[in-house]
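Contents: one structure, followed by commentary.
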Amino acid sequence: MVNLRKQVDMAKATATPRRAQQADPRPPDVAEMRRRAVPLMDPESPAPAPEELQTLNALMRGHIQLLIPEVESMATALPMEDIPRACALACVGEARMRLRIGWPEDSEAVRLSVARKLARSVNALCDHWENLTE
């Protein structure tokens, strides 16, 4: 639990666009982001404990906030008629929409559903980040 909180704090600390930071030129750790997101996407996996679910939800939001400007920047550099550009920008729009869902007073089932949706957005943004950096 402590380690997960450190990851959430790190995700929040790195959630500002890299252009604003200019201090850390390292790429996002998409392998670690996927490692945290994939178990949430599996409907067969057991639901995390309520306090862990809150932490995972915050972690997924931090990952999304980090990935959106990265993917969007690379996608907008592509030609307007490029299909990967359109797909990546659609994914960015969907991820932004998902950042607006969920409330602390939601039931545990709703919070789990929101966390799974956020995890799917993290995974999709990681896909686009990898495709656009190849």
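What number results when the radius of gyration of the range 37-133, computed over Cα atoms, is divided by 2.2 N^0.38 Å?
1.14
Which of 60, 97 comes first, and how do the rest follow, when ranked by fewest Cβ neighbours within 10 Å?
Going from sparsest to densest Cβ surroundings: 97, 60.
Would you calculate the separation in nanometres between label points at residue 35 and residue 83, each defined as 7 Å from the Cα along the Cα-to-beta-carbon direction?
3.4 nm
Calculate the dipole size of the range 57-134 relative to its Cα centre from +1 charges on Lys and Arg beta carbons and -1 charges on Asp and Glu beta carbons; express the result in debye to the nearest 20.
In debye, rounded to 20, the range 57-134 gives about 340.
Order these peptides, 114-120, 72-78, 89-95, by their mean beta-carbon neighbour count within 10 angstrom, highest first.
Result, highest mean Cβ count within 10 Å first: 114-120, 89-95, 72-78.
Determine, for each peptide in 47-55, 105-113, 29-37, the mean count of other beta carbons within 10 angstrom over its residues, then list the peptides with the highest first.
29-37, 47-55, 105-113
Readers should treat all values here as calculations from the given coordinates under stated rules, not as data from a laboratory. Just so it is clear, the structure is predicted and the values come from calculations on it, not from any experiment. Counting neighbours? That spans all protein chains shown, and the Cβs are built from the backbone with ideal geometry, glycine included.
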